[in-house]
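Notes follow the structure.
The values are calculated or read from the model by the stated rules, or taken from the named source; none is laboratory data. This one's a predicted model, so the numbers in the text were calculated from it and none came from an experiment. Using ideal geometry, Cβ is built from the backbone for each residue, glycine included, and neighbour counts are taken over all protein chains shown.
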Amino acid sequence: MQNMNDILNALDEDNHIAYDENIHLLIRKFYKKYSNIDLFVWDFDQTITKFSTIHSTYNKKIKKSVILNKISDPDLYYHLVHYLLGKGKKVAIASWNDKKFFSNQFGGYQLIRFFMDKLFDVVGERQYIFSEYNIVSYMPSQTDSGKNSHLRILSQRFGIEKNKMLLLDDSVTNVQKAAADGYNVCYVPKDVNFSKEFLLNILH
Ligand SMILES: [Mg+2]
């Protein structure tokens, strides 16, 4: 008797990203609400993903279906990122996920890149959306906690001022520190993560 995971794995290469008018409407509303933003920065763990990946073990053999099940809302995120890029906006991920500091060997940039390549169907040298350029992933120093050092790097790299940047993060501390430093912020509660439900809550 196959369990659900086995069935999903068997279907793996048939996995596709759903799209409907509901998603499109939410994406357009989100874009309108943040029309002044040029660089959208997401936290990774428990914002893009449903659970923290920090102490989990991953390897490159894990199939796309398994990864999609760990992402809060793969359909929404896939289409939103494409929509924003199509409008000339920039996207990035800022994370504390750092394999030097956590037990998993496959962590930090490598893990985030793997998740995003699975979601965005990047195979081999095909065009990627997330790379070392727009994934900033390391544990900040005690004196520089929060995401502000990550945001500073992205601001300099993209040449985009902080008032044109938005941080979406499930950490109240990260959001408060970024706001205090002049970035736009959006708190993403852990119970919804970055999902259609979350967008419905902030876009009423
Ligand atoms: Mg997080």
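Criterion applied to Asn69, Asn59 was being in contact (Cβ under 8 Å) with a residue 60 or more places away in the chain and either surrounded by fewer than 15 Cβ atoms within 10 Å (Cβ to Cβ) or more than 15 Å from the ligand (Cβ to nearest atom) (or both), and the one residue passing it is Asn69.
Specify the residue that is farthest from the chain's Cα centre (by Cα); the eligible residues are those in the range 179-203 that are charged (D, E, K, R) and within 16 Å of the ligand (Cβ to nearest atom). Checked the range 179-203; the qualifying residue farthest from the chain's Cα centre (by Cα) is Asp191.
Right, Thr53: buried (at least 17 other Cβ atoms within 10 Å of the Cβ) and among the β-branched types (Val, Ile, Thr) or not? Yes: the conditions hold for Thr53. Across the range 151-178, the qualifying residues are those that are more than 16 Å from the ligand (Cβ to nearest atom) and β-branched (Val, Ile, Thr), and the one among them that is surrounded by the most Cβ atoms within 10 Å (Cβ to Cβ) is Ile160.
Being touching a strand residue (DSSP E or B) at 6+ places or on another chain (Cβ under 8 Å) and within 16 Å of the ligand (Cβ to nearest atom) is the requirement here; does Thr47 meet it? In short, yes.
Per this entry, Ser137 is counted among residues that are hydroxyl-bearing (Ser, Thr, Tyr), farther than 30 Å from Glu21 by Cβ and touching a Gly at 6+ places or on another chain (Cβ under 9 Å).
Evaluating Leu80 against the criteria (1) modelled with pLDDT of 85 or more; (2) away from the ligand (no atom under 16 Å from the Cβ); (3) in a loop (DSSP other than H, G, I, E, B) leaves one unmet condition, (3).
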